[in-house]
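The next block holds one structure in the form of structure tokens; read it before the comments.
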Amino acid sequence: MSKLVAGNWKMFGDKNMISEIKKIDQHCNEVRCEVAICPPFPLILSAYEQTKNIQIGAQNCHTDINGAHTGEVSAEMLTEVGAQLIIVGHSERRQDNYESNDIVKLKSEAVHRAGATAVVCIGETLKERETDKTLSVLQEQMLNSLPKNVNPLNTVVAYEPVWAIGTGLVPEIDQIRAAHSFIRGFLASTYGAEAHNVKILYGGSVKGSNAKEIFSISNVNGALVGGASLKSNDFIEIITAASNSI
Ligand code: 13P
């Protein structure tokens, strides 16, 4: 299956950085992978209007369509301005905003309701890894935060070990392989044969220098990239590695 390289800009980026998105879009005219950028909400519409080869996404949404929820944004509002995928359950939101698995599941279902792809993030903390709880944490997160109907079009799973995010630390190849294989097994046994084509992204300190090796691991179907997605040259190196890894 073709790989997906998605950039999560987090709370970075201003109007001037649309030019970086345009450079990435121009580069993606002829690549053999899918590419997405998830900028902060205020940039989604102009990013969407100024690109044609890449998808634009969002980093969060509310569970409801609309309502008296000051400061919130619904999945429908995001798809209306061009978001085709929406990240839910990122560890920064699970930590900073106390988002539980139950909330993440409702958000994933809201993304489906709006007709977009939910990029559902899971991953263990360092303490959980050191106490051999990685697979049980992943299982618990998948059981309780994945939406009801998962298929290759409506859902992407992103495995992001919390300790690898923004730290420059990357798990051993065997650790990534084991986590992705476990996730694939869970998806197949829960959602059936179709789930073999659900993309599983790796996220956490992906850079141009390690992307090729990460993309060669079985069941790694792409990457969710933070820091290295903010500069077009850095992100393009990762896109090139994905495009060449087919
Ligand atoms: P970094 O690539 O900066 O480690 O961030 C990963 C991430 O959190 C993507 O969602």
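The values are calculated or read from the model by the stated rules, or taken from the named source; none is laboratory data. Fair warning: this is a prediction, and the values are worked out from it, not measured in the lab. Cβ placement follows ideal geometry from the backbone for every residue including glycine, while neighbour counts extend to all protein chains displayed. The area values use the complete protein model at the heavy-atom level, side chains included, leaving out ligands, DNA and RNA. Shrake-Rupley method; radii C 1.70, N 1.55, O 1.52, S 1.80 Å.
Residues checked against (1) assigned to a loop (DSSP other than H, G, I, E, B); (2) modelled with pLDDT under 95; (3) more than 15 Å from the chain's Cα centre (by Cα):
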position	(1), (2), (3)
Asn149	yes, yes, yes
Ala158	no, no, no
Ser181	no, no, yes
Ala188	no, no, yes
Phe235	no, no, no
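Let's see how each residue does on (1) at pLDDT below 95; (2) under 18 Å from Gly203 (Cβ atoms); (3) among the charged types (D, E, K, R):
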{"residue": "Gln84", "(1), (2), (3)": "no, no, no"}
{"residue": "Ser91", "(1), (2), (3)": "no, yes, no"}
{"residue": "Ile103", "(1), (2), (3)": "no, no, no"}
{"residue": "Cys121", "(1), (2), (3)": "no, yes, no"}
{"residue": "Asp132", "(1), (2), (3)": "no, no, yes"}
{"residue": "Gln139", "(1), (2), (3)": "no, no, no"}
{"residue": "Met142", "(1), (2), (3)": "no, yes, no"}
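For the stretch 95-144, a residue qualifies if it is farther than 25 Å from Val225 by Cβ, of a type in the set (Asp, Glu) and in a helix (DSSP H, G or I), and the qualifying residues are Asp102, Glu109, Glu130, Glu140.
Residues are listed down the side, and each one gets a yes or a no for (1) open to solvent by 40 Å² or more (accessible area, probe 1.4 Å); (2) within 24 Å of Cys33 (Cβ to Cβ); (3) within 16 Å of the ligand (Cβ to nearest atom); (4) not small (Gly, Ala, Ser):
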residue: Val156; (1), (2), (3), (4): no, yes, yes, yes
residue: Glu160; (1), (2), (3), (4): no, yes, yes, yes
residue: Ile165; (1), (2), (3), (4): no, yes, yes, yes
residue: Glu172; (1), (2), (3), (4): yes, no, no, yes
residue: Leu201; (1), (2), (3), (4): no, yes, yes, yes
residue: Gly204; (1), (2), (3), (4): no, yes, yes, no
residue: Val220; (1), (2), (3), (4): no, yes, yes, yes
residue: Ala241; (1), (2), (3), (4): no, yes, yes, no
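Please go through the stretch 16-42 and give me each residue that is aliphatic (A, V, I, L, M) and open to solvent by 40 Å² or more (accessible area, probe 1.4 Å), ordered by number. Matches in the stretch 16-42: Met17 only.
Filter the stretch 22-52 down to the residues that are among the β-branched types (Val, Ile, Thr) and either over 30 Å from Asn197 (Cβ atoms) or without any contact (Cβ under 8 Å) to a residue 40 or more places away in the chain (or both), then identify the one that is farthest from the ligand (Cβ to nearest atom).
Among residues in the stretch 22-52 that are among the β-branched types (Val, Ile, Thr) and either over 30 Å from Asn197 (Cβ atoms) or without any contact (Cβ under 8 Å) to a residue 40 or more places away in the chain (or both), the one farthest from the ligand (Cβ to nearest atom) is Thr51.
Residues in the stretch 1-21 that are touching a Lys or Arg at 6+ places or on another chain (Cβ under 9 Å), within 16 Å of the ligand (Cβ to nearest atom) and not in a strand (DSSP E or B): Lys3, Glu20.
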